[in-house]
Amino acid sequence: MNQYRVLPGPEHFLPPAAASMGIRLPNPGEGHINGVIVPEEKAYEEAARQFLMAKVPTIFPGPLVLWAWNDKAAKKATAIRHLYETLKECVQPGQKAMLIPMPDYRPKYPKINPEIEINPNHPNLTIWHNKIDCCMFVGVHCHQANLSLKIIRGGTSCYTVAMCAQAGHEDAMLSFRDASVEKIMRLAEWVRKLKGSVKVSQVISKSGASN
Amino acid sequence: MADTHSVIGTKNKKGQTYTDTWQMMNDAPRTPSFFTGSEVIKEALRRASCDVMIAYPITPQSEAAALIGELFAEGYIGDYFRGESEFAVMSQCAGAAFGGARVFTTTAGPGTMRAMENFPMWAGARLPIQMIVTCRGINSPLSIQPDTLEISYLLNTGMLVWHAETAQDFYDWILKGYMVSEEPDVHLPLALCCDGFFVTHTKDVVNLTPVDMCLPPYDPYRSPVPCMDMECPPVRMMRDPFVMKSNYISYATHASWQQEVWAAVERSRKHSIHWLNGLIETENTDADVLIVSSGTAVSQGREAIRLLEEEGIRCGLVKVKTLRPWPGEEIREATKNAKYIVVPEFNVTGWMAKEIKASIPDSDRVIAAPHVCGGMTMPPEIIVEEIKKTLGMRTMSLAGRGS
């Protein structure tokens, strides 16, 4: 049995790709938590729990949902907005839900403004600056999402969730696959369902995000 | 916007029906046909819904490249032209794939080597180009004859690398190859290799799928990277930051990028097993002696096993289908009971034996022989001789048995 688990970091100077450590992607109807395949419903519950436990739960929408390049993208964007509003309603005083876009993948030098965006090449800057301890990627091209997820795992203690429209992401701590409007709305339902039942994490790590 | 599933059941401009690939490859009736390997490449491509093929002449793939030109003239290929060199061809393939096309090309020997810079670029850019490699000699003095040394150079490019034994493998794997390499979690180029002349220029009975069925078109919107955009990676990254910037994050991003390419090779494992019915094929793995190899060395191994059986010596076989992803776990399991693992190869360095040694416990069980190269044939008798020698049996000495 594979012993490697995809856990919050900081993991390593250069953490391995989870796929190279034997972590496999879920099949349709499944998700994964820490690299272990689970029924999708369990992944919803855990993602909602992680959101509500975090001090700064954050959604990172990427270009596939930020631009209305087809009807489906526009509907997904509306669903993501709904998830964010739900999250804002459900968090407790002292928690701060955020929505920070990843508008494109251009490497930006000398550096990005971490207040307003996240970049796949140095996502840790946005995580550190905003003390984000749980984030969800949605609408990010898979290659760039994996880059980011690996760098975040390497240098921060942020819990990562991937709402992927394709096959999912092993490099996230929790991943859905075949993301749709319905799935995003289902996650919002779970956030509402768990409202008030989850204790907020109190620990702040040296890497800027809480555990 | 193309949607693969929505077009299934509809017809293309040649009247072929876009068909679910699993159904086409596994359920549709097959017609036995007597073809050379080159003709088989043409027939596979006729059914591959290929957008662009770019050609350049080099033996022994020239015939296939020319035959695909005929397909273009018949209207089965979206675009077809000859590049200025192999390097140009592979760069042009990248351009077509960046633009969202299903791309095909063929090369061989020195052509593969000349174009080498492009292959890690293809993989890094996540371009699911399919390249047929009809292996031949690469070193001076010039040889156009079969030799698989060039495969060893492809193994660390980040491409998927498969090695076909027969023309039937070739036909099926061209079509199935697109299914694996175009998966969004894989999305890598595929080098589909065969032993030049032995496969390309000999005729064999190949069971073809119906000519009125073809693959669903490539859907570039499932790509893990955006279509070409001069402001976005990988294009922009090629012209500045990763190269020009010297700082930790620039290096770390590049490192993470490389890891992601190899993660995609790992992810191809699941899909390759699904489409190829496993990464290896085995016979009699409970025997004390196993022949393990890929390509036509496997065919010679089969004949050697038949000769050994006539003498009452039992020998098993492992055919390695995919070199990347490397079936290390499968080979460990298949060889766990073997006392001797004989690895015949058509190259001078014995790269296959090295790969196997690195994958199994007690690697001194591996006999990296016989090797032939430079176009020499590998008579099954020299495999038999190697096995008998390994078993401590008296054997007749054969001339020209290589290293």
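The values are calculated or read from the model by the stated rules, or taken from the named source; none is laboratory data. Predicted model, so just to flag it, every value in this text is computed and none were measured. So basically every Cβ, Gly included, is an ideal-geometry build from the backbone, and we count neighbours across all protein chains shown.
When B:52, B:40 are checked against the criterion of being touching a residue at least 40 places away in the same chain (Cβ under 8 Å), touching a Gly at 6+ places or on another chain (Cβ under 8 Å) and either within 14 Å of chain A (Cβ to nearest Cβ) or crowded, with 20+ Cβ neighbours inside 10 Å (or both), a single residue qualifies: B:52.
Scanning region B:342-354 finds one or more residues that are in contact (Cβ under 8 Å) with a residue 12 or more places away in the chain, farther than 30 Å from residue B:261 by Cα and not in a helix (DSSP H, G or I). Please verify whether residue B:333 is at pLDDT 95 or above and under 30 Å from residue B:185 (Cβ atoms), treating the condition exactly as stated. Against the criterion (at pLDDT 95 or above and under 30 Å from residue B:185 (Cβ atoms)), residue B:333 qualifies. Against the numbered list (1) over 18 Å from residue A:188 (Cα atoms); (2) crowded, with 21+ Cβ neighbours inside 10 Å; (3) among the β-branched types (Val, Ile, Thr), residue A:58 comes up short only at (1).
Can you confirm whether region B:228-237 contains a residue that is modelled with pLDDT of 95 or more and surrounded by fewer than 20 Cβ atoms within 10 Å (Cβ to Cβ)?
No, every residue in region B:228-237 fails to be modelled with pLDDT of 95 or more and surrounded by fewer than 20 Cβ atoms within 10 Å (Cβ to Cβ).
Tallying residues that are under 22 Å from residue A:193 (Cα atoms), charged (D, E, K, R) and surrounded by 14 or more Cβ atoms within 10 Å (Cβ to Cβ) within region A:89-118 yields 1. Looking only at region B:326-354, residues that are touching a strand residue (DSSP E or B) at 6+ places or on another chain (Cβ under 7 Å), of a type in the set (Ser, Thr, Tyr) and surrounded by fewer than 20 Cβ atoms within 10 Å (Cβ to Cβ) come to 1 in all.
I'd like the full set of residues that are touching a strand residue (DSSP E or B) at 6+ places or on another chain (Cβ under 7 Å), aliphatic (A, V, I, L, M) and more than 14 Å from chain B (Cβ to nearest Cβ), limited to region A:92-137. Matches in region A:92-137: A:97, A:98, A:99, A:100, A:132, A:136.
Residues in region B:251-288 that are out of contact with any strand residue (DSSP E or B) (no Cβ under 7 Å at 6 or more places or on another chain), closer than 19 Å to residue B:125 by Cβ and either facing chain A (nearest Cβ under 8 Å) or of a type in the set (A, V, I, L, M) (or both): B:253, B:255, B:256, B:257, B:259, B:260, B:261, B:262, B:263, B:264, B:266, B:267.
Applying the criterion of being facing chain B (nearest Cβ under 9 Å) and assigned to a loop (DSSP other than H, G, I, E, B) to the residues of region A:1-22, the residue that is surrounded by the fewest Cβ atoms within 10 Å (Cβ to Cβ) is A:13.
Filter region A:148-175 down to residues that are part of a loop (DSSP other than H, G, I, E, B), facing another protein chain (nearest Cβ under 10 Å) and hydrophobic (A, V, I, L, M, F, W, C), then give me how many there are. The number of residues fulfilling the criteria is 3.
When A:188, A:179, A:145 are screened for being in contact (Cβ under 8 Å) with a residue 40 or more places away in the chain, within 21 Å of residue A:81 (Cα to Cα), under 15 Å from the mean Cα position of the chain (by Cα) and within 12 Å of another protein chain (Cβ to nearest Cβ), only A:145 passes.
Could you please find all residues in region B:127-155 being within 17 Å of residue B:189 (Cα to Cα) and at pLDDT below 95? Walk me through how you get there before you give the answer.
Of the residues in region B:127-155, the ones within 17 Å of residue B:189 (Cα to Cα) are B:127-134, B:150-155.
The answer is none; no residue qualifies.
Can you name every residue in region A:161-176 that is touching a residue at least 40 places away in the same chain (Cβ under 8 Å), crowded, with 24+ Cβ neighbours inside 10 Å and either β-branched (Val, Ile, Thr) or out of contact with any Ser or Thr (no Cβ under 7 Å at 6 or more places or on another chain) (or both)? Within region A:161-176, A:161, A:165, A:170, A:171, A:174, A:175, A:176 qualify.
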